[in-house]
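Structure first, then comments.
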Amino acid sequence: MSTVSVACDPQNPWLARRARIQRITSETPGVATYDLVLDVPPQAGSFSFRPGQFNMLYLPGVGEVAISISGSAANHAVIPHTIRQAGNVTRALAELSPGATLGLRGPFGTSWPVEDCAGRDVLLIAGGIGLAPLRPVIYDLLDRRDEVGELTLLYGTRSPDSLLYAREYDDWKARGLDIRVTVDRSDGHWKGNVGVVTVLLDRLPLPRPDQTVVMTCGPEVMMWYAIQSALQHGIPAASMSVSLERHMNCAIGLCGHCQLGPEFLCKDGPVFRYDRVAPILKVDDL
C-alpha cells in the first residue's frame, strides 16, 4: 500500500494562483462547500490532484488555511473545498459570495491508496467533517465500481443535522456504496443508529478481512478506536490508512507547525499508512 505526494509547482511552491468562487453550497450549520475555478485558463488546465491532498487557501490581509479537496479528481475544472468555520481565515471565507477571488497554492501532501483497492474490499470510516477528504475516494471508486469488491462507508456525526453530503447518499447507494450512518445524539425524527462509529464496525460482516483496505478520517480518538476494532477483526495494520491533522502554515515542511514526532504532516502526510504512525499516535498530547 502506497501514498503519493505531488505539489503543483516544485520550483515555486509559494506561488498562489488566483481562484474564483463559482458556487457555495451550504452543507450543515457552520459548514459549506466552495467550488473554486482557476481564473487563468492555462493555470486551470494544469491543475490536477489525487484523493486526499489539500490546498492552501489565501485571503490577503487575513491569512492562509489548509483545506482538503473534497471533489472528484476526474474533474479538474472545478475544485471543491468543504470548509467549517473554525478560525479567522475560515470565518472570513464564510463572508464571501460567489464571484469573489482568493489565492490557491497546491495541491500538497500524500494521497489515499486508491490504486491498492483493485480486487479488494474497501471500508471507509469517517467522523464529522472527516468525510470531506474521503469524498474524492468515493467518487473515484464508484467510477470504477467493478474493479473493487465490497465498498462500505461507516459515518458517524454528532446529530442528524450535521450529516455531510446527505443529498448524495441515494445516488451513492444506487451506484454500489453500502452506507451505514450513526449519530451521537438523536432527534424526534431520526430512525437510524445512535452511538459511536465503532459500533457500526463491530456489527459489520467482513468476509475477507485479510483482503480489506481501510481508510479513515475524523477525530483522532475516533480513528484510534476504529483502527483497534479493525485490527481485532483481522484487518492487517499495513492495509489501513489514516489522515491526520495539525496546524499547517507553509505546506512544504519548513515552518514545523505541523510536526508530529518525526513526521511533517504537510509533506509526509496528511495520509499515512497506519503501521507507520501507530507508535506516534500512542503518545498522549504529542
Rounded to whole Å and ordered largest first, report the semi-axes of the equivalent ellipsoid of the chain derived from its Cα gyration tensor (root of 5λ).
29, 22, 19
Relative contact order in percent for the stretch 116-206 (Cα pairs under 8 Å, 6+ apart) equals 29 percent
Asserting the computed 222 nm helical MRE of the chain (DSSP H runs at least 4 long, -39500 (n - 2.57) per run, divided by residue count, to nearest 500) equals -6000 deg cm²/dmol
With Cα coordinates, the longest principal axis of the chain makes an angle with the long axis of helix 220-232, in degrees rounded to 10, of 40 degrees
Leading residue at positive end of dipole, the stretch 17-108 (Cβ point charges), from Thr28, His81, Leu104:
Leu104
For the Leu204, Ala100 Cβ pair and Förster radius 30 Å, calculated FRET efficiency rounded to 0.05 is 0.10
What are the trypsin sites (Lys or Arg not before Pro) within the stretch 172-226 that DSSP puts in a loop, where the Cβ has at most 10 other Cβ atoms within 10 Å?
Lys191
Express the relative contact order of the chain as a whole percentage, based on alpha carbon pairs under 8 Å and six or more residues apart in sequence.
19 percent
Students sometimes get this wrong: rank Asp187, Asp170, Asp161 by accessible area, probe 1.4 Å, all chains present, largest first.
Asp170, Asp161, Asp187
Tell me the trypsin sites (Lys or Arg not before Pro) within the stretch 110-171 that lie in a loop according to DSSP and have at most 11 other beta-carbon atoms within 10 Å.
Arg144
Under the Karplus relation with 6.51, -1.76 and 1.60 and θ = phi - 60°, whole-Hz ³J(HN,Hα) for the stretch 66-74, x at Gly and Pro, equal 8, 9, 5, 7, 10, x, 7, 5, 7
With θ taken as phi - 60° and the coefficients 6.51, -1.76 and 1.60, list the Karplus ³J(HN,Hα) couplings across the stretch 81-87 in order, rounded to whole Hz; mark glycine and proline as x.
9, 9, 10, 9, 5, 9, x
Could you check what % of the DSSP bridge pairs in the chain are antiparallel, to the nearest 5?
60 percent
Averaged per residue, the 1.4 Å probe accessible area of the stretch 114-243, protein heavy atoms only, in Å², is roughly 42 Å²
Residue separation times 0.36 nm, minus the C-alpha to C-alpha distance between Asp116 and Gln211: what's the value?
33.1 nm
Run the accessible area of the chain with a 1.4 Å probe and give the carbon-and-sulfur part as a rounded percent.
50 percent
Given Cβ point charges of +1 (Lys, Arg) and -1 (Asp, Glu) and nothing else, what value in debye, to the nearest 20, does the dipole of the stretch 58-182 about its Cα centre take?
400 debye
Assigning unit charges at the beta carbon (Lys, Arg +1; Asp, Glu -1) and nothing else, what dipole magnitude in debye, to the nearest 20, does the chain show about its Cα centre?
340 debye
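The values are calculated or read from the model by the stated rules, or taken from the named source; none is laboratory data. Treat the numbers as computed from the prediction; the structure is a model and nothing was measured. When we count neighbours, we look across all protein chains shown, and the Cβ atoms used for this are built from the backbone with ideal geometry, even at glycine. Note: areas computed on protein heavy atoms with side chains; ligands, DNA, RNA excluded. Shrake-Rupley method; radii C 1.70, N 1.55, O 1.52, S 1.80 Å.
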